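Participant: Structure provided below as structure tokens; questions to follow.
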């Protein structure tokens, strides 16, 4: 089948090349043949003229008659010449046509003749206008036939290609519409082409295998998260019970408090890892129209008390902006990037949040980072010594931006860290 496709394309290419070559070759050949016919015609005309002149060589005033012929004749000219050895010369010339009153192409024969022992130059001309019109007509017909032939070959090639490749494109459309999260396989139809049948079987096997792996992975993540949350919750409950018991020494209370902090961090870490896995598996496909200005205000109303505790002020300049996205992901995105700015801001300094021209900018004051931007948005990458930080906040922000098609940018200038999200 592939060889047939290549053959059709090669045939089409060769046909076009041959047609392009044949048009000028044919035009030149036809014109050369017509010129040969004209040359033969004017040659016979010159021979007839000379035989006619020979019959009147006995006249004494033949020279005068030749001058009259030269003056009166439209296409035959005979004038005295110095040389008598000139051969026949055929050439195409452009000269004024007194009958048509315009410049016209002529085919001319020049040859030397001897009349009554004196050399003369005989010139016979024939108009090529009709011949050129004929050549032009033949050329136009050939061009028209070539266009029709090429169009026919293109149509034939397209029709055959469309029919031959129909099973392939049908399989391709099914793969584009295939969703791993749905419990259904790719419906592959049998074709008359062996290669496509083999391809469809392989594709069907791979998609079914990937679907099973995906479902198993999804089930494992959900089960692992659920099973981890239960012992963590029990662990936290026991720690709370111990903290409320009497008779604890100061060192014992501090140890229990450290364990409580660690348990909370484990719980957050478990939830964040589960969230990243769900984003990787594209489990947040539902989209709705969201007003980002309202969502930002709701997030800030929760975070402002935390900022007030650290003597921070959140300055906002927010324009309305509607986007179509998954609400859960956008809420997590804003929560993480706002918490990151508050957590790493210098105490007593302001945090700036602006939404303008489809770009959200979050600015906080702090020291320059030692790591690069790529490493900063990687998982478990952090410079902060805060034990409550899991190192996944910016990684989640980056993952959400990538999955939603947003652009995450970062810059540091004059002790100000600025994260920009372009929607």
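Participant: Please state which one of 293, 311 is outside the structural domain of residue 211 (by TED's automatic domain parsing), more than 22 Å from residue 403 (Cβ to Cβ), modelled with pLDDT of 75 or more and part of a loop (DSSP other than H, G, I, E, B).
Facilitator: Numbers: 293 fails: part of a loop (DSSP other than H, G, I, E, B).
Just one listed residue meets the conditions, 311.
Participant: Which residues, taken from region 52-68, are within 14 Å of residue 123 (Cβ to Cβ) and either loosely packed, with under 11 Cβ neighbours inside 10 Å or at pLDDT below 70 (or both)?
Facilitator: Hits for region 52-68: nothing passes.
Participant: In region 402-421, how many residues are out of contact with any helix residue (DSSP H, G or I) (no Cβ under 8 Å at 6 or more places or on another chain) and either under 15 Å from residue 364 (Cα atoms) or in a strand (DSSP E or B) (or both)? Spell out the reasoning first.
Facilitator: Let us first name the residues in region 402-421 that are out of contact with any helix residue (DSSP H, G or I) (no Cβ under 8 Å at 6 or more places or on another chain), namely 402, 405, 409, 411-416, 418, 420.
With the extra rule that they be either under 15 Å from residue 364 (Cα atoms) or in a strand (DSSP E or B) (or both), the set shrinks to 409, 411-416, 418, 420.
So the answer is 9.
Condition check ((1) in contact (Cβ under 8 Å) with a residue 60 or more places away in the chain; (2) buried (at least 16 other Cβ atoms within 10 Å of the Cβ); (3) out of contact with any strand residue (DSSP E or B) (no Cβ under 6 Å at 6 or more places or on another chain); (4) more than 17 Å from residue 91 (Cβ to Cβ)) across all residues:
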| position | (1), (2), (3), (4) |
| --- | --- |
| 123 | no, yes, no, no |
| 126 | yes, yes, no, no |
| 135 | yes, yes, yes, yes |
| 140 | no, no, yes, yes |
| 150 | yes, no, yes, yes |
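Participant: Here is a further query. Which one of the conditions (1) under 44 Å from the mean Cα position of the chain (by Cα); (2) under 28 Å from residue 405 (Cα atoms); (3) not in a strand (DSSP E or B) does residue 317 fail to meet, given that it meets all the rest?
Facilitator: (3)
Participant: Name the residue, out of 418, 363, that is buried (at least 19 other Cβ atoms within 10 Å of the Cβ) and modelled with pLDDT of 85 or more.
Facilitator: 363
Participant: Another question, then. At least 2 residues that are at pLDDT 80 or above and closer than 22 Å to residue 34 by Cα in each: list the strands (runs of 3 or more DSSP E) lying fully within region 75-134 that qualify.
Facilitator: Per the criteria, 89-97, 102-115, 118-127.
The values are calculated or read from the model by the stated rules, or taken from the named source; none is laboratory data. Bear in mind the structure is a predicted one, so any value in this text is a computation, not a measurement. For neighbour counting, all protein chains shown are included, and Cβ atoms are generated from backbone atoms with ideal geometry for every residue, glycine included.
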